[in-house]
Amino acid sequence: MWLTSKIKQVFMVAKPGVVTLRYPFEPRPAPPNFRGQPYWDHHKCIGCGGCAAHCPARTILVRDLCQELRVMVYDGSRCTYCGRCADVCPEDAITMTSSYELATGSKEDINETMELFMATCQRCGRCYDHEITNAIDRMSRIGFKYDSLEMRAVVPVSSEQFDMKLYEKTEKIKRPEKAGE
Amino acid sequence: MPGIEEIKNGLKKKFKDAVVAVEEQSPTRLFVDIKSAKVREISNGIIAMGARYLVSVGYDNISRDGTLGMIHTFGFDRDGIFLALRTSVPESKPVMDSITPDIPNAGWSEREYMDLLGMKFTAHPKPKRLILADDWPEGVHPLRKDIPWNLMPPAAEDVAYQLDECPEGCSIIPVGPYHPTLHEPAHFAVFVDGETIKGSDYRGFMTHRGIEKLCQTQLTYNEIPFVAERICGICGSVHAATYAQAVELAAGIRISRRAEYIRTIMLEIERIHSHLLWLGVAGHLIGFDTVFMQSWRIREPIMWLGERITGNRKTYGMIVIGGVRRDITPEIKEDILSVIGKVEEELLTVKKAIQGDSAIHRRTKGVGYVSTEDTMLWSLVGPVARARNVDIDVRRDFPYAAYDEMKFDVPVFDSNDVWATVLVRLLETFEAIKIIRQCLDKMPNDGPILTELEAPIPPLRHGLMAVEAPRGEAVHYVITGEENAPDRWRVRAPTYPNLQGVPLMLLGNQLADVPIIIGSIDPCFSCTDRMEIVDLRSGAAKTASQRELEELSRNKR
Ligand code: SF4
Ligand code: SF4
């Protein structure tokens, strides 16, 4: 019993032989549908902010410098490559490329910044509403676009219940000095 | 065998006034509101009717009616009915009876809400801290709504968890917080007498990331599936699917049949990859690296397949509320068929090669024995339960997605040990392949893959969903909220009940079996760790490296 098992195991191992790939010495291209680094096409983007509103990692910043100039920053260091931004973009301005070798010494290398001229409505002077029919997607939580990308941090303004006093109180709470007290 | 009517009437008749209201959300979901004073009695009554305890959900309802809510959930496996027992206690006096003395698996759930919500449970057998760090200040309960999600109290030095009392004459062997058998940091203190294990205590939740709080306060409905997927690196799709289906149930959203089929396919692909991964890990744990190498070799094409279907080898990101994100085209269909065909063939070779190997038998047979009664008492789930002769499988008992049309066997064994767990997982992999074939065969060709929602999701609806993950059932409970995000989202991963059963499995076994027993519930592990053996009587400390443990395991006859 034991011996036949061992013989079978030898066959099991010998048949496929060596399967190790020679990556990274030989390149290994990703399949066509791969969700790699997203790329923004500034010719197509209308600056609707849809991608920023649905990014689960909140890594896309939208900031209006003035009525006509909107800046969008994509911070690749926090991206999860989920491809949600590309899904919701009404203009197909975002492509999930197949590049995945993104290790870099400087975060700036994987960021992308766009400056967009915004056309505004002649009558009301505001931007157009973006066309998303899904009711969940149309609503978004107020506040999170104020994330501080510069500081690489989520600024806790979005929690309406944030209570500074309570926070201070916890700092004064007496802790057990030794284990088990 | 009670039907939904009988359960309803039975409860009303037996407990009369204590049952405040009964809501029948669908033929498979029953919500029962009760008075908190009778919670223990009614829970026992439900168990007596043949139900199995799932999990408890606590939530902060202070802003609405000044109470803390508590929901105990149960499943009637034979009838496919989920029951949620809802009750609440006032914030000023948040005390209710513990159900743990009769239903030991509720122990963690209740301890969780002692920590997170500040509830109190009378007669709880072990009211120790479970979730919060040992230096977290008393009286700050992070799941309450007035606590900000990013509260970070300053750290304290020299605070430690007090282990249970060690039995007389035994030595304590701490396994962890970093140790060879668990993927994440957790601490098992194993009490041994010589080589034999006499008991153990557990302190875990060291990587509790507060995902529930984060999602409730910061993210929106359709961002959560992506976070849910990252709860577990191995069964990610499972959590995304459970969450999405729970929300769909709560909001009454119907998705297209095609999307349901695609979800089923993704869940089964994930099961194949997970079981192969576990098989390799188990092989490695008992020092049999051939199995490890070969099953991971077979698994790799599955990962590449996932990459071709979804765009990523593991974080599929396929499932969102309303359906799935990518379609299965005819080319992909051919691709799937050829890959699973190859996997089936190669796995058969592996199965033949290992099932007669007496070396594996010696290391797994009779190890980690738990009687069928104890398995049921502790509500263990998944392959761990099925290897101990408990015939439960959410896919068959409470069908979701497209499982109602699938024909498959649920392997169940009665040798109650780790070997049976190996067999269950091996056979389930073949069943998964069968299911994928059926799906591809029967899948309707038309229908949108993503259903557009016409109206916002109404607030304060409840949804309870269970999905059979590779390691057991994942249970999610969603209470919908106002701000385009759930008010409460409770996640119970399959390891949650199973880990509670580990002390039971360890009892009476040999020290050398600790890795494979803990490993048999599949919590993953890292192999760079070491265990420390402290002999209390002599006070001498000795460390056992992974290699020495492996030697111990290999030399075991
Ligand atoms: S790929 Fe996902 S995480 Fe990355 S920017 Fe797009 S939406 Fe955000
Ligand atoms: S969703 Fe598309 S069009 Fe809108 S801001 Fe983003 S990239 Fe531009």
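At 20 Å minimum axial length over the Cα atoms and a Kyte-Doolittle cut of -1.0, report the qualifying DSSP H helices in chain B, or say none. Walk me through the numbers on the way to the answer.
Values: long enough: B:236-251 (23 Å, 0.60); B:257-285 (41 Å, 0.14); B:289-310 (31 Å, -0.25); B:330-355 (37 Å, 0.01); B:418-442 (36 Å, 0.68).
In chain B, the long hydrophobic H runs are B:236-251, B:257-285, B:289-310, B:330-355, B:418-442.
Kindly flag which residue pairs out of B:Lys12/B:Lys128; B:Lys13/B:Lys126; A:Lys44/A:Lys107; A:Lys8/B:Lys333; B:Lys120/B:Lys213; B:Lys16/B:Lys93 have an alpha-carbon separation exceeding 27 Å in this structure. Write out the running numbers ahead of the final one.
Numbers: B:Lys12/B:Lys128 35 Å; B:Lys13/B:Lys126 33 Å; A:Lys44/A:Lys107 25 Å; A:Lys8/B:Lys333 33 Å; B:Lys120/B:Lys213 21 Å; B:Lys16/B:Lys93 25 Å.
In this structure, B:Lys12/B:Lys128; B:Lys13/B:Lys126; A:Lys8/B:Lys333 exceed 27 Å between Cα atoms.
Could you size up the charge dipole of chain B around its Cα centre, putting +1 on the beta carbon of Lys and Arg and -1 on that of Asp and Glu, and report it in debye to the nearest 20?
480 debye
Just subtract the alpha-carbon distance of A:Lys107 and A:Thr20 from 0.36 nm times their residue separation and send over the number in nm, one decimal. Intermediate values should be presented prior to the final figure.
Values: separation 87, 0.36 × 87 = 31.32 nm, distance 3.16 nm.
Fully extending the segment from A:Lys107 to A:Thr20 adds 28.2 nm.
Between B:Thr421, B:Leu337, B:Val350, whose Cα lies farthest towards the positive end of the dipole of the range B:332-438 when Lys and Arg beta carbons carry +1 and Asp and Glu beta carbons carry -1, centred on the Cα centre?
B:Val350
Among rounded, prolate and oblate, which fits the range B:3-113 when a ≥ b ≥ c are the square roots of the eigenvalues of its C-alpha gyration tensor, a/c under 1.5 means rounded, and a/b larger than b/c means prolate?
Values: a/c = 1.69, a/b = 1.39, b/c = 1.21.
It is prolate, given that a/c is not under 1.5 and a/b is the larger ratio.
How high is the FRET efficiency between B:Arg129 and B:Tyr178 when r is their beta carbon distance and R₀ equals 22 Å, given to the nearest 0.05?
Details: r = 20 Å, r/R0 = 0.92.
Result of the calculation: an efficiency of 0.65.
Scan chain B and report its longest stretch carrying no GluC sites (Glu not before Pro) that are both in a DSSP loop and have at most 14 other Cβ atoms within 10 Å.
Working: sites that count: B:Glu138, B:Glu157, B:Glu165, B:Glu168, B:Glu195, B:Glu452, B:Glu454, B:Glu482.
Between exposed loop sites, the widest span is B:196-451.
Most exposed first by the Cβ proxy, i.e. fewest other Cβ within 10 Å, how do B:His462, B:His476, B:His124 rank?
Placing the least packed residue first, the sequence is B:His124, B:His462, B:His476.
Could you tell me the distance between the Cα centroids of the range B:384-422 and the range B:167-230, to the nearest Å?
Rounded to whole Å, the Cα centres lie 25 Å apart.
For each of B:His208, B:His72, count neighbouring Cβ atoms within 10 Å of the residue's Cβ, then give the residues from fewest to most. List each step's numbers first, then the result.
Numbers: B:His208 17, B:His72 26.
Starting with the residue having the fewest Cβ neighbours, the order is B:His208, B:His72.
What FRET efficiency comes out for B:Leu460 versus B:Glu334 if R0 is 56 angstrom and r is the Cβ-Cβ distance? Round to the nearest 0.05.
Values: r = 46 Å, r/R0 = 0.83.
Once rounded, the FRET efficiency stands at 0.75.
Which trypsin sites (Lys or Arg not before Pro) does the range A:1-81 hold that lie in a coil by DSSP with at most 11 other beta carbons within 10 Å?
Loop-located and lightly packed - A:Arg22.
Okay, which of the range B:343-364 sit inside 17 Å, backbone N to the point 7 Å along the Cα-Cβ direction of A:Val13?
Only B:349-360 fall inside the zone, counting backbone N under 17 Å.
Suppose only helical runs count, i.e. DSSP H with n ≥ 4. What mean residue ellipticity at 222 nm does that imply for chain B under -39500 (n - 2.57) per run, divided by all residues and rounded to the nearest 500 deg cm²/dmol? Provide the component values of the computation, followed by the final result.
Values: 18 runs with 219 residues, N = 557.
Here the helix-only value at 222 nm equals -12000 deg cm²/dmol.
For the range B:310-425, rounded, prolate or oblate, judged on the Cα gyration tensor with a ≥ b ≥ c (square roots of eigenvalues), a/c < 1.5 rounded, else prolate if a/b > b/c?
Details: a/c = 2.57, a/b = 1.47, b/c = 1.75.
Here the range B:310-425 falls in the oblate category.
Can you grab the distance from the C-alpha centre of the range B:103-136 to the C-alpha centre of the range B:245-270, Å, no decimals?
34 Å
I need A:Asp75, B:Asp414 ordered by Cβ neighbour count within 10 Å, fewest first. Kindly include the intermediate steps, with their values, before the conclusion.
Values: A:Asp75 22, B:Asp414 10.
Ascending number of Cβ neighbours within 10 Å: B:Asp414, A:Asp75.
Once you order the gyration tensor axes a ≥ b ≥ c over the Cα atoms, which shape class does chain B get: rounded for a/c under 1.5, otherwise prolate or oblate by comparing a/b with b/c?
Working: a/c = 1.56, a/b = 1.06, b/c = 1.47.
Oblate is the answer for chain B, as a/c is 1.5 or above yet b/c matches or exceeds a/b.
Name the long-range amide H neighbours of B:Arg29: under 5 Å, sequence gap of 5 or more, or other chain; modelled H, no Pro or chain starts.
Placed amide hydrogens put B:Phe82 under 5 Å from B:Arg29.
Read-outs throughout are calculated quantities, based only on the coordinates presented, and are distinct from any laboratory measurement. Keep in mind that what you see is a predicted model, and the values were worked out from it rather than measured. Cβ atoms come from the backbone with ideal geometry, glycine included; neighbour counts cover every protein chain shown.
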